[in-house]
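Engineer: Here you go, one structure.
Read the figures in this text as sums done on the coordinates, not as results from a lab. Nothing here was measured: the structure is a model prediction, and the numbers come from that model. Virtual Cβ from ideal backbone geometry, glycine too; neighbours counted across all protein chains shown.
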Amino acid sequence: LDPKQFENMFRRWVGGVVGALSDDAGLAGTIAVDGKTVRGSGTGGESAIHMVSAFATELGLVLGQEKVATKSNEITAIPELLEALSIKGLLVTIDAM
């Protein structure tokens with residue numbers, strides 16, 4: 001299973017769900033963006049995997065996530081994540097390290 005292809009399909013599905021809910025319920029929610037290090041992923045001398053996620057607080061649904069490049073930080077991954085999501089008109093909060 002190709003992780004990038006899966007993520008793209010997931011984002012497409014989420015976009016459909018969010019679009020349908022937004023149209024029916026008139027949602028105007030908040031998207032919380034935050035990063036986390038995947039526990040146990042940095043074993044054997046490898047760097048730990050760090051992910052940035054976008055969470056629709058009103059829906060309780062992760063809209064997508066982006067892996068932070070090795071030797072980089074959340075600030076470089078956040079624009080890539082936000083560009084891939086259909087969140088126009090929503091409030092975005094970001095807690096970047």
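Engineer: Relative to the longest principal axis of the C-alpha atoms of the chain, give the angle of the C-alpha long axis of helix 3-25, reported between 0 and 90° and rounded to the nearest 10°.
Structural biologist: Orientation of helix 3-25: about 20 degrees from the principal axis.
Engineer: Taking the Cα-to-Cβ direction at residue 32 and at residue 95 and moving 7 Å from each Cα, how far apart do the two end points lie in nm?
Structural biologist: 0.7 nm
Engineer: May I pose another question? Stretch residue 9-residue 70 to full length: gain in nm at 0.36 nm per residue minus the Cα-Cα span?
Structural biologist: Between residue 9 and residue 70, full extension yields 19.5 nm more.
Engineer: If amide hydrogens are placed 1.01 Å from N in the peptide plane, which non-local residues have theirs closer than 5 Å to the one on residue 64?
Structural biologist: Close amide H contacts, sequence-distant or interchain: 54.
Engineer: Residues with amide H under 5 Å of residue 42's amide H, sequence separation 5 or more or different chain, H placed in the peptide plane at 1.01 Å from N; which?
Structural biologist: Sorted by chain and number, the residues that satisfy this are 49.
Engineer: Further question: Taking only the C-alpha atoms, wrap a convex hull around the range 3-95 and report its volume per residue in Å³ as a whole number. Write down the numbers at each step before the final one.
Structural biologist: Working: hull volume 8.7 nm³, N = 93.
Spelled out: Cα convex hull of the range 3-95, divided by residues, is 94 Å³.
Engineer: Convert each backbone phi in the range 60-74 into a coupling constant with the Karplus relation 6.51 cos²θ - 1.76 cosθ + 1.60 (shift: θ = phi - 60°), then list the ³J(HN,Hα) values in order as whole Hz, x for Gly and Pro.
Structural biologist: In residue order, the calculated couplings are x, 9, 6, 8, x, 8, 9, 6, 7, 4, 4, 6, 10, 9, 4 Hz.
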